[in-house]
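Working notes for the structure below.
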Amino acid sequence: MDQEKVIVIDFGGQYNQLVARRVRECNVYCEIYSYRTDLEEIKAMKPKGIILTGGPNSCYEADAPTYQKELFKLGIPILGLCYGAQLMTLILGGQVESAPVREYGKTKVLIDEDSPLFKNVSKTTVCWMSHFDYISRPAPGFTVTAHTADCPVAAAEDRDRNLYAIQFHPEVLHTKEGIKMLYNFVKGVCGCTGDWQMERFVEKSIEEIRKKVGTGKVLCALSGGVDSSVAAVMLSKAIGNQLTCVFVDHGLLRKNEGDEVEAVFGPQGNYELNFIRVNAQERFYVKLAGVKEPERKRKIIGEEFIRVFEEEAKKIGTVDFLVQGTIYPDVVESGLGGESAVIKSHHNVGGLPDYVDFKEIIEPLRNLFKDEVRKAGLELGIPEYLVFRQPFPGPGLGVRIVGDVTADKVRIVQDADAIFREEVAKAGLEPAIGQYFAALTDMRSVGVMGDERTYDYAVALRAVNTVDFMTAEAAEIPFGVLQKVMGRIINEVGGVNRVFYDLTSKPPATIEFE
């Protein structure tokens, strides 16, 4: 990427993706790097600004994540958030201690001084606090610019050195004017013009793909989901009939989804793609037999996908490149984009086997968030009904079945999910819900049906509202709709005698179950 860039240095904060996403909302390109990244590497990137994330540690502990003092002498504007603010303070000679009153949640913040960071921000504003420690004495040269009832240094700055420290999290939506603050930093303090535009990204990506592929042949792993569909159309525009799209029906798709994908991308569809459908249900079921641990399931599915693609490539002839619809959250959640813990190994990233029999893997969407992928899809001319279709994970129902995967469990989830989606659509709720589906728990319980005892599974319904799929809140589906869904699932889906509705937000939960 040759455009202006702000980088996020990650100290293990749970909101690291969100920080980067908010910066991109300002049309400024942003990437996440671990605090272990060498200073020379950071200097070579020539960032226009640096943001230090939050983290779970106390910065004054001997083994706490830290960074060298020279970072603050580069002349690059730096914004420290929560742990990042405390670490900046400690390194530059201030004092950080365990807070006498710990703050968590929405907190009233009072702005004390005019600041470039708080331009057009209300003098009293609501921010999201999450800290056990606090800045008890600012570093020399810093002026306190905001406080709360329990936190004397909610924000401080050294304007001469372009160093800014804030104790709260502007990146979360709970901070009412947080986006405004980040905009003030990247546009006002860093002087970014905002050249991160999707139209330019798509054009440049197509040019780069043509140059990389040359006259070679390419196999695209097409699942029919938003990410892989956008990747396939982008490759098709770049290299035409040098591309073959392989759709693997691994037996873990939604009800009738295999046929639906083929109808869109196959010979009778809207796109002139070399399309191959591989029905591989049994081989995936055999590989997953008896496997209960979520990470193992993901890795098995990821490796088996690759083996199928390798087999199909040999049938085509010499295929140099494999294309995947990997996106940026896949990379970060798989533990490859920052310092956060591995949340889950995405089948196409952390789930890849050590050896892959292709010259290179092309991932044209690897640097994009989900909503950016959708914008890219619209730029490519993909119809809205495809671009905004319900997200579906690559491992499919394998991560919506808690515990081991069997054909019968897949049948239960497919039928329950189809009923849920049908009733949500009938109720006219679909446009308002970010994602919704049915999952199968590994809980079995006693019930009574037709005056007889049952001992069957519990299905969990999940529906969330989200902007960026990094944070989410449970959707408020009318109780009458839920009752109807429950009644139909109990009566129409064999093997189920209970239906739950999952109210958990992300975090602490993820959207998918495994």
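The values are calculated or read from the model by the stated rules, or taken from the named source; none is laboratory data. Quick caveat, the model's predicted, so the values are computed rather than measured. Don't worry about glycine lacking a Cβ; one is built from the backbone with ideal geometry, like all the others, and counts go over all protein chains shown. When the accessible area is computed, the model is the full protein with side chains, heavy atoms only, and any ligands, DNA or RNA have been set aside. Shrake-Rupley method; radii C 1.70, N 1.55, O 1.52, S 1.80 Å.
The GluC sites (Glu not before Pro) of the stretch 1-79 that meet both conditions, a loop assignment by DSSP and at most 11 other Cβ atoms within 10 Å of the site Cβ, are Glu61. Restricting attention to the stretch 375-514, close to 70% of DSSP beta bridges with both partner residues there are antiparallel.
Take the chain with all the other protein chains still there, run a 1.4 Å probe, and you get 42 Å² of accessible area per residue.
Please report, as a whole percent, how much of the solvent-accessible surface of the chain comes from carbon and sulfur atoms (probe radius 1.4 Å). The value for the chain is 48 percent carbon and sulfur by accessible area.
Taking every alpha-carbon pair under 8 Å whose residues sit at least 6 apart, the chain reaches a relative contact order of 11 percent.
When the convex hull of its Cα atoms is viewed from all sides, the chain shows a mean projected area of 26.0 nm². Counting only alpha carbon atoms, the long axis of helix 370-379 and the longest principal axis of the chain meet at about 70°. Relative to the longest principal axis of the Cα atoms of the chain, the long axis of helix 198-213 makes an angle of roughly 60 degrees. Computed from Cα positions, the angle between helix 16-25 and the longest principal axis of the chain comes to roughly 80 degrees.
Sites listed here are trypsin sites (Lys or Arg not before Pro) in the stretch 1-67 whose DSSP assignment is loop and whose Cβ has at most 16 other Cβ atoms within 10 Å: Arg36. Beta bridges assigned by DSSP with both partners in the chain are antiparallel in approximately 45 percent of cases.
Farthest towards the positive end of the charge dipole of the chain, among the residues Pro508, Gly398, Pro116, is the Cα of Pro116, using unit charges on the Cβ of Lys, Arg, Asp and Glu.
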